[in-house]
Amino acid sequence: MPKSKRNRPGCAVTLSKTKKQPGLERKGKVVADIKDAVEHYANAYVFTYDNMRNQKLKDLREQLKASSGIFLAGKKVMQIALGRSPADEANTGLHKLSKFLQGDSGLFFTNLPRDDVERLFREFEEHDFARTGSIATETVELKEGPLEQFTHEMEPFLRKQGLPVRLKKGAVELVADHVVCEEGKPISPEAAQTLRLLGMQMATFRLYLVCRWSPDDFEVYKEGLAHLRADEADVSS
């Protein structure tokens, strides 16, 4: 008689609950938060940026939390929250913003007057050290001779960064001229480290307004649109 398959190892049915998906929960919260912002703020903007720095954006959020809200999330998530057509938009005309959420972009909700917002974005500028792959804004060349800003303990590390150095009487010396980076060319990992050691901040975190929505108005900012990084974007009204 064939053996019964009952209670055989591997045949048990798992009755545990399906695990929640944290990613979906986060997206759902972003959608809910954006819809809430639509209800509580008078104006909404799409913005783009150069050289994003998360901590500096966090500081800006804190500075403006009494009057404004800033959202950086997946573009599709933000578009769903706003609505991508007149049929599903969260408020009249909001779907126009969705068409500008391309490339490096985010949403800014605020009760601040338009002039104040435009001045804030125009004047916002935070300098920082360049990261690998950033484009050098100038050529940096070190001349042969002593590098007095570096201690002798740093000589091995400097050598790893490609600098032709040696120790001479306990001091770090460059044995030949060395180009750290060239203007207009990507910065290598070694160059990024060297620029940081030299204290040279070659990156500037900037924000640009792309378009503005209010219940009675919609406008596009040409300068911001020019900075919007997107391979292809449909920006028709």
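Restrict the search to the stretch 88-157; then list the trypsin sites (Lys or Arg not before Pro) that DSSP places in a loop and that have at most 12 other Cβ atoms within 10 Å of their Cβ.
Hits after loop and neighbour filter: LYS143.
With only Lys, Arg, Asp and Glu charged, each at its Cβ (+1 for the first two, -1 for the last two), find how big the charge dipole of the stretch 134-198 is about the Cα centre; round to the nearest 20 debye.
Numbers: 8 positive and 11 negative charges, 54 e Å.
Magnitude of the dipole: close to 260 debye.
Considering only the other residues whose Cβ falls under 10 Å of the Cβ of HIS178, what net charge follows from Lys and Arg at +1 and Asp and Glu at -1?
-2
When only the heavy atoms of the protein chains count and the probe is 1.4 Å, how do LYS29, LYS168, LYS76 rank by accessible area, highest first?
LYS76, LYS29, LYS168
Between LYS160 and PHE218, what is the FRET efficiency for a Förster distance of 41 Å, r being their Cβ-Cβ separation, to the nearest 0.05?
Given R0 = 41 Å and the Cβ-Cβ separation, E is 0.15.
Compute the helix-to-body angle for 189-198: its Cα long axis versus the longest principal axis of the chain, expressed 0 to 90° and rounded to tens.
Taking the Cα atoms of the chain, the angle to 189-198 is about 70 degrees.
Over the stretch 32-155, with the other protein chains present, what is the accessible area per residue in square angstrom, probe 1.4 angstrom?
Accessible area per residue: 53 Å².
More than 13 Å apart: what percent of Cα pairs in the stretch 134-198 qualify?
The proportion of pairs with Cα distances above 13 Å equals 60 percent.
Leaving ligands, DNA and RNA out of it, work out the accessible area of ILE135 with a 1.4 Å probe and give it in Å² to the nearest 10.
90 Å²
Provide the solvent-accessible area of THR92, counting protein heavy atoms only and rolling a 1.4 Å probe, rounded to the nearest 10 Å².
The value for THR92 is about 100 Å².
Which entries of LYS58/LYS185; LYS29/LYS76; LYS56/LYS96; LYS56/LYS76; LYS29/LYS56 show an alpha-carbon separation above 21 angstrom in the structure shown?
Cα-Cα > 21 Å for LYS58/LYS185; LYS56/LYS96; LYS56/LYS76; LYS29/LYS56; rest within.
Got a sec? Which residues in the stretch 26-50 would a label at ARG131 touch, if it sits 7 Å along Cα→Cβ and we count backbone N under 17 Å?
Of the residues in the stretch 26-50, 48-50 have backbone N under 17 Å from the label point off ARG131.
Starting from the Kirkwood radius over alpha-carbon pairs of the chain, derive D by Stokes-Einstein at 4 °C in a medium of 1.567 mPa s and give it in µm² s⁻¹.
D = 59 µm²/s.
Can you send over the carbon and sulfur percentage of the accessible area for the stretch 111-163, probe radius 1.4 Å, protein chains only?
Carbon plus sulfur share of accessible area: 47 percent.
Given a cut-off of under 8 Å on Cα pairs at least six residues apart, what relative contact order in percent is computed for the stretch 132-237?
Reported relative contact order: 27 percent.
In degrees, nearest 10, range 0 to 90: what is the angle between the Cα axis of helix 114-123 and the longest Cα principal axis of the chain?
30 degrees
I'd like to know which of ALA73, LEU120, LEU158 lies farthest towards the positive end of the charge dipole of the stretch 45-183, counting +1 on Cβ of Lys and Arg and -1 on Cβ of Asp and Glu.
ALA73
Largest first, how would ASP88, ASP216, ASP50 line up by accessible area (1.4 Å probe)?
ASP216, ASP88, ASP50
With a cut-off of at most 15 other beta carbons within 10 Å, and DSSP calling the residue loop, which GluC sites (Glu not before Pro) in the stretch 98-130 qualify? Please list them.
Those satisfying the criteria are GLU125.
If the viscosity is 0.692 mPa s and the temperature 37 °C, what translational diffusion coefficient in µm²/s does Stokes-Einstein give for the stretch 44-171 when Rh comes from Kirkwood over Cα pairs?
Here the translational diffusion coefficient equals 174 µm²/s.
What is the distance, in nm, between label points placed 7 Å from the Cα along the Cα-to-Cβ direction at ALA32 and at LEU167?
Label-label distance for ALA32 and LEU167, simple model: 6.1 nm.
The values are calculated or read from the model by the stated rules, or taken from the named source; none is laboratory data. Being a predicted model, the structure only gives us computed values, none of them experimental. Neighbour counts run over all protein chains shown; Cβ positions are idealised from the backbone, glycine included. Only protein heavy atoms, including side chains, enter the accessible area calculation; ligands, DNA and RNA are left aside. Shrake-Rupley method; radii C 1.70, N 1.55, O 1.52, S 1.80 Å.
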